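Read the structure below first, then the notes.
The values are calculated or read from the model by the stated rules, or taken from the named source; none is laboratory data. Being a predicted model, the structure only gives us computed values, none of them experimental. Virtual Cβ from ideal backbone geometry, glycine too; neighbours counted across all protein chains shown. Note: accessible area is taken over every heavy atom of the protein model, side chains too, but ligands, DNA and RNA are not part of it. Shrake-Rupley method; radii C 1.70, N 1.55, O 1.52, S 1.80 Å.
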Amino acid sequence: MTRVRPTVLAATVILFFSLVVPVAQLFQGSAWVGWYGAFGLIVFAAGLIGRNSGLSNALVGVVAAALVPPALIAAFAADVAWLWIIPNSEVWGRFVDLSADLLRAIELEASPLTAGPWISAFAAVLGAVLAWVFDWYVFTVKAPAATGLFAGLVAVVAVAFVRPGLPLTAFAPMALAYLALLAVTGDPPRPRLAASAVVAGAAALGLVAGLTTPGLGTGGFIEGTNRKPAPVGGRSPLVDLGKNLRTNPSTEALRYTSDVGPLYMRLTTLGEFDGTTWTHRPGRQVAYRTGQDEFAPLPGTGTGTAGKRATVSVEITGLDSEWLPVPYQPVGLSGGSGTLRVDQDDLTIAVGSGQTQGRSYQVSAWLADPDSAQARQSAVATLSDEEVGPFQTYTWLPDDLPEIIGETAREVAWPDGPDSPGPLDQALALERFFHESGFTYSLSTPVREGYDGDSGEVVAKFLEVKAGYCAHFAVAMTLMARELGIPARVAVGYLPGNSVGNTGQTAEYSVAADRLHAWPELYIRGSGWVGFEPTVSRGSPSTFGSATPEPPAPSSRAPSPSASRPPSASPSTSAAASPSAAPRPPDRPNDPNDGLVWWVWCLAVFAALAACAAAPGLVRTVVRQRRLSLGLAAAWSEVAATAVDLGLDQPLWRTPAAMAAALVNQLDSAGQAEAARALERLEAAVEVAAYAPPTAPNDAAQDGPSQARTALRGLRLSQPWRIRLVAWWAPRSMRPMRSSAVAAGSARRRTSNGGR
Amino acid sequence: MDPKHLPPAPPGSATAPPAPANPGLAASGLATPALGHRAVPGHPAHAQAQSHAEPLEPADVAAGAKAIAGNIGRVIAGKSQAIELTVTMFLAHGHVLIEDVPGVGKTMLAKALAASIGATVKRIQFTPDLLPSDVTGSPIFNQATRQFEFEPGPVFANIVIADEINRASPRTQSALLECMEEGQVTVEGSTYALDSPFHVVATQNPIDMEGTHALLEAQRDRFMARISMGYPDEEAEHTMVRDRDLGEPLRALRPVASLGAVNRMIDACRHTYVADSVSRYAVALTRSTRRSPVLALGASPRAAVHLLTAAKALATVKGRGYVIPDDIQALAGPVLAHRVMPVTPVRGSGGMAQAAAIIRDCVATVPVPVAAGR
């Protein structure tokens, strides 16, 4: 109906694109921005063309919404659709797959999510929905302020999914664009030049803020910020680790080049457990100058076992620690300067505190292969007592350890009594247990439920609630292994990180600070200390194709525990050990609770949408209560506003008496006599309050609010339910006040039509 | 004179016609003494005594105004709005311009008002050869005293009916307008105060006739309101036609209020409370006419003064002690319409309707203040 003001449209589009900055924290890469923008622009363009060619506002909304599904099909399922855009069952299946992929990616991966077609599709839908909502609220409902609700919702989701450490600058463009939109849609309309200046200024500032925010684009990373977290330390290293996980930024901590694929980078181990706290157990420290001969191998480990050698170059870019991150098991180190101290017990490599930053060095490591025939042979039997001797620290358990830990361990790993499988199979069974029993990864649940820590009680609670982060998984598996007589300790370090480059045999990986991790190391005879990965949705379970855990699973492939079973494991024990080990359809989420998760997700989305939709009505209710408590004039303006909501508009030039007369007429004809009398009494009181001398008595003033309530109820009841619903859901009085000239014009039209 | 053909009379007036017939005023003890009192004309600097102890309550004024309007209604049927407006303007101490086609009772209205309050009434028939001294009066040589003595003109009366004012020359019109503005007459260096209340009811025909001099904008501005009578409806016209033959109806009218009481009513109207928001509203309304694109000339600041004064009288006549925006809106047409000049004026009687419509549109551009004034 009304032509679109270019400055308002520009401000709206800028607000739309300003959301890219916080959302960028959710996804890897920048391809999704194109889809987001393209679908948003389709909707905005449809709105612009529709309105400027005189379509009614409602029709514009319908047309813009109707354009989106064909565009989605053309973009993501053109190859299976009829005539590129006509949906069929295959198209439906395609989108079901895409959403399943998306949900799995959300479940399995920490943000940012890896790029993929599902991200593009999600970005396209997000762009279309947001653009439609903005268009609707700015141009149809004419309540541009409401866009803030949706922008805020996106920001909240970004914060919730990314981590609390999202920099404030990520929201600056959004806030600027929002203010600019409010500025150019004010009443009376701003002069064109001023409005253009505001919009241009907001766009420029937003661009600057966006480009300097980490996570957007390629040049935007702030490398080596001042936040160099010391990963672990203090009284309870694992509690610290949890805190770090919650606060660490996604900035890079280190990068490494490896010739054997991705590797876990270990900092240290926590082997000493006093019943409540896990601490590093300092062993014999041996000074080591870089470039010297290889470390003396520990008995039963290292180059003596089956495995292979890896050469890794590490560059620390944003980590401040007293230990050097190295892949296990390091046998030699060169590069850098100064003297290192090598712990002869667990091969932790210590430097002076604060000396890790900027250091680069080459590590040669021995990667044991527990899968090899030689290793398997020696791993069959449990350790004899004298073999356990050197590892006494690593099998010690407090007397008051909760029963549930041992019981669970034996139930999981000893299906046929204490002697059934060898230690390696027992360990794998434990690992599998965490992946297949509905455990979820959550940084917040332990804190919320009060079991954040590393004591035995915490582990018992964790086994019960089945939600926690890596420290809980690692400690639980460590304790369970000790219950089975397997020496075990907790390793602390970094997940393998993301691949950032590839040159022939070697690949380069970047590890972010929030990839800090803890995992159990178990001593397996014939292989030495072997790392396992019980933590769900972080890394992936052992496969022993290579001797180290694999990098984070590509999201298209769910972790399939059955594949990780050693081929030589006896089929009978495998089937008996875990009924859920049967192969699952590859595109189904592997968790029995996933059906529930899916519905929870849907419900949450619907609840959020409903909350957004109801927001104007809720705000209106708040405004109503406030007005009714602010005295007669405010109560009267509330009556006028409710009349506007219900379509009983009263022109601004109507006096209270004239307005009351019109509304009383309406009420009386609808049979709301009580409300009509209440309205009359309220009007009389309002008139005295507003125009009479201050000394005039106004007896009716006291019960003004109650009269107003009666009158308002009557007014609503005088209208059919459809109008009442619209009045609640999209209250027209929430629109910005029109200029008086417009009001007068429409008032005159209405009067000439017979008035109301 | 058959009583049954008369319009229903207010109670009491039939039984004791000469006595003040308003119970409200009688009860408040106002109507008794000054019946027939009139100022002695010709006394320089004569002033009506205003020594009233207590201002009247709005309810008393309302009762008095209702009695006067009812009395006038006995001779002019079916014109209650015009009558009420005339009474209100009288109590607002504002002069009125009754503009309408001949023969609808303009003069009758003015005369009935005068008769209802026992005031002196003079009628001046304006003609092209009427001179200013014919209006104001002039010094006459007295043979007996051998001195010039001022002989007061017809303007020395409480109510002056200036019939067909647009037929006189502008010079004579100006003489009357000066009296209206100043409230006094200055002849040959001597100043003579006019009666109080002094109320001019001018009539003019809207149709342009030969030999007329239309009032200029500045002259129209002196009138507080322009009142249009309009034709009576069929029933009222029939009653009028039937009763007119039975005799001059004005003779049956008896005063219902004394001049003193009327002066106190005027005083009460002047003291009616106006909230700040309401006076601002009156100003905003007046100013909106100056912004109107269809008006070549908007209303003057004097118009705003008149508008608020008239609104105070209307509020009081309705028995309210304070002005509400409804009063302002009700009077915006009568008070403002004759002062504005449309860009494309409609000639003849349509001009009044056009101006009234423009003022209505102006009213529709000004939001009514509702904020509590306390």
Does B:Ala110 satisfy the condition of being within 13 Å of the chain's Cα centre (by Cα) and open to solvent by less than 20 Å² (accessible area, probe 1.4 Å)?
-> yes
From A:Leu725, A:Leu715, residue being closer than 19 Å to A:Ala658 by Cβ and under 54 Å from the mean Cα position of the chain (by Cα) = A:Leu715
Options B:Ala144, B:Ala63, B:Ala112: the member that is among the small types (Gly, Ala, Ser) and in a loop (DSSP other than H, G, I, E, B) = B:Ala144
Boolean, B:Ala162 is touching a Leu at 6+ places or on another chain (Cβ under 8 Å) and either more than 24 Å from B:Val241 (Cβ to Cβ) or not aromatic (Phe, Trp, Tyr) (or both) = yes
Specify which of the listed residues (A:Val726, A:Val686, A:Val742) is at pLDDT below 75 and either within 14 Å of chain B (Cβ to nearest Cβ) or open to solvent by 60 Å² or more (accessible area, probe 1.4 Å) (or both).
-> A:Val742
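Results for (1) assigned by TED's automatic domain parsing to the domain that holds A:Pro87; (2) touching a residue at least 40 places away in the same chain (Cβ under 8 Å); (3) open to solvent by 10 Å² or more (accessible area, probe 1.4 Å), shown as yes or no for each residue.
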residue: A:Leu19; (1), (2), (3): yes, yes, no
residue: A:Pro22; (1), (2), (3): yes, yes, no
residue: A:Gly29; (1), (2), (3): yes, yes, yes
residue: A:Tyr36; (1), (2), (3): yes, yes, no
residue: A:Ile42; (1), (2), (3): yes, yes, yes
residue: A:Leu59; (1), (2), (3): yes, no, yes
Select the helices (runs of 4 or more DSSP H) contained entirely in region B:255-374, then report the ones holding at least 2 residues which are over 24 Å from B:Gly73 (Cα atoms) and within 14 Å of chain A (Cβ to nearest Cβ).
-> B:276-291, B:325-336, B:350-363
What about B:Arg244, is it open to solvent by 30 Å² or more (accessible area, probe 1.4 Å), under 17 Å from the mean Cα position of the chain (by Cα) and more than 14 Å from every other protein chain (Cβ to nearest Cβ)?
-> no
Scanning region A:689-711 for residues that are at pLDDT 85 or above and within 10 Å of chain B (Cβ to nearest Cβ), which turns out most open to solvent (accessible area, probe 1.4 Å)?
-> A:Pro693
Answer yes if at least one residue in region B:346-355 is at pLDDT 90 or above and within 21 Å of the chain's Cα centre (by Cα), and no otherwise.
-> no
Please enumerate the residues belonging to region B:133-152 that are touching an Asp or Glu at 6+ places or on another chain (Cβ under 9 Å) and farther than 25 Å from B:Ala92 by Cβ.
-> B:Gly137, B:Ser138, B:Pro139, B:Ile140, B:Phe141, B:Asn142, B:Phe148, B:Phe150
Long-range neighbours under 6 Å by Cβ, at least six apart or interchain, first residue within 7 Å of chain B (Cβ to nearest Cβ) within region A:649-666, second of a type in the set (Asp, Glu) and surrounded by 21 or more Cβ atoms within 10 Å (Cβ to Cβ) | A:Thr655/B:Asp326; A:Pro656/A:Glu683; A:Pro656/A:Glu687; A:Ala657/B:Asp326
Selection within region A:453-483 - crowded, with 24+ Cβ neighbours inside 10 Å and of a type in the set (Gly, Ala, Ser) = A:Gly468, A:Ala471, A:Ala474, A:Ala476, A:Ala481
What do you reckon, is B:Thr127 closer than 15 Å to B:Leu176 by Cβ and of a type in the set (Ser, Thr, Tyr)?
-> yes
Taking into account only those residues within region A:624-639 that are touching a residue at least 60 places away in the same chain (Cβ under 8 Å) and surrounded by fewer than 19 Cβ atoms within 10 Å (Cβ to Cβ), which is nearest to the other protein chains (Cβ to nearest Cβ)?
-> A:Gly631
